[in-house]
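Reading through the C-alpha cells given below for one structure.
The values are calculated or read from the model by the stated rules, or taken from the named source; none is laboratory data. No experiment lies behind these values; they were computed from the predicted model shown. FYI the Cβ positions are ideal-geometry reconstructions off the backbone, even for glycines, and counts take in every protein chain you see. Only protein heavy atoms, including side chains, enter the accessible area calculation; ligands, DNA and RNA are left aside. Shrake-Rupley method; radii C 1.70, N 1.55, O 1.52, S 1.80 Å.
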Amino acid sequence: DTGVSQNPRHKITKRGQNVTFRCDPISEHNRLYWYRQTLGQGPEFLTYFQNEAQLEKSRLLSDRFSAERPKGSFSTLEIQRTEQGDSAMYLCASSLGLDRGTRYGYTFGSGTRLTVV
Amino acid sequence: AQSVAQPEDQVNVAEGNPLTVKCTYSVSGNPYLFWYVQYPNRGLQFLLKYITGDNLVKGSYGFEAEFNKSQTSFHLKKPSALVSDSALYFCAVRDAGGYNKLIFGAGTRPAVHP
C-alpha cells in the first residue's frame, strides 16, 4: 500500500488523558500536514512539516498539542490533557511540492477519529 | 481574509439528473482551487483542481468543475448523478500565505435518490 497510513483509526479516551496519533506518509513526499475536522465542518489546518522541520503551526494548535516528524519520515501528533472539545477526526496529508508549474496535490490518510469522554 | 463558501449543506437530486455543488472563494492573487470527496469514516479523496488554463476542469468519476473568475466561483458538476455519488464534497483554495496549506469549505452532501 503506497497511500498515507494513519493509526489508530479510532481512539476513545477519558478527559485528561494523553493520546498520540501516528501518520506514515507516502515515502517520497517531503511535505506533511495535519488537519482537524469536526462534525459538519471542513478540515482545518493544524501544522505543516517540510522534511523534519515544523514550519508552521495554526493558532488552533494549543500548547497541549505537539507534533513531530523525526528524520522526515513518519509523524506523530500528541494531545496532552485531552478535553471534550478535542473530539474530532485528525487527518494527515502528504505531498510533493505544489509550486507553480507542478501538478501534484495532497494525498490524505483515512484519519484518526478521537472521542474524548 | 481568504475563505471558501459552500452555500448548501445538502442538495437533492434524482439519479440520472445533473448534479451541481456550488463553491465561491475569496483569495488574494490567482486562486488554486480544489475539490475533494469524503466517504463515511474515510479521508478525503482528490477529485480535481484548477491552477491555470482552461476554465473547465475535468476530474475523477465523471466530475468536472467550472472556474469563473468574475463570479469567484468554482462549481462542481456531474452530468448524470449516481446514487453512489452521495458523499461529502469539499471545495478548497490554497492559502496564499504559503506552504500550500488548504482552506476548506464546510462541505456539501448531495442526496441522490433513485
Please enumerate the residues belonging to the range A:1-23 that are within 9 Å of chain B (Cβ to nearest Cβ) and either under 20 Å from B:V93 (Cβ atoms) or among the β-branched types (V, I, T) (or both). A:V4
Residues located in the range A:24-44, provided they are under 14 Å from the mean Cα position of the chain (by Cα), more than 10 Å from every other protein chain (Cβ to nearest Cβ) and polar (S, T, N, Q): A:T38
Please work out which residue is nearest to A:R113 (Cα to Cα), limiting yourself to the range B:24-46 and to residues that are facing another protein chain (nearest Cβ under 10 Å) and in contact with a Phe, Trp or Tyr (Cβ under 8 Å, 6 or more places away or on another chain). B:G43
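Among the residues of the range A:41-62, what is the count of those that are among the acidic types (D, E) and loosely packed, with under 15 Cβ neighbours inside 10 Å? Before you say what the answer is, go through the steps one by one.
Our first condition is that a residue be among the acidic types (D, E); within the range A:41-62, this holds for A:44, A:52, A:56.
Adding the requirement that they be loosely packed, with under 15 Cβ neighbours inside 10 Å leaves A:52.
Looking only at that region, the number is 1.
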For the range B:42-52, which positions are open to solvent by less than 50 Å² (accessible area, probe 1.4 Å) and not in a loop (DSSP other than H, G, I, E, B)? B:L44, B:L47, B:L48, B:K49, B:Y50
If you take the residues in the range B:100-110 that are in contact with a Ser or Thr (Cβ under 8 Å, 6 or more places away or on another chain) and modelled with pLDDT under 95, which one is surrounded by the most Cβ atoms within 10 Å (Cβ to Cβ)? B:I103
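For every residue, the table says whether it meets (1) of a type in the set (D, E); (2) modelled with pLDDT under 95; (3) open to solvent by less than 60 Å² (accessible area, probe 1.4 Å); (4) more than 10 Å from the chain's Cα centre (by Cα).
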| position | (1), (2), (3), (4) |
| --- | --- |
| B:E15 | yes, no, no, yes |
| B:S28 | no, yes, no, yes |
| B:P40 | no, yes, no, yes |
| B:E64 | yes, no, yes, no |
| B:F74 | no, no, yes, no |
| B:S84 | no, yes, no, yes |
| B:G98 | no, yes, yes, yes |
Please work out which one of (1) assigned to a loop (DSSP other than H, G, I, E, B); (2) within 13 Å of chain B (Cβ to nearest Cβ); (3) in contact (Cβ under 8 Å) with a residue 60 or more places away in the chain; (4) crowded, with 21+ Cβ neighbours inside 10 Å is the condition A:G97 fails and give its number. (4)
Among strands (runs of 3 or more DSSP E) entirely within the range B:53-114, at least 3 residues that are within 14 Å of chain A (Cβ to nearest Cβ) and at negative phi occur in B:88-94, B:102-104
With the structure loaded, tell me whether B:P114 is touching a Leu at 6+ places or on another chain (Cβ under 8 Å) and not hydrophobic (A, V, I, L, M, F, W, C) or whether it fails that test. no
For A:T47, are the conditions met, namely being under 21 Å from B:F90 (Cα atoms) and either small (G, A, S) or facing chain B (nearest Cβ under 10 Å) (or both)? yes
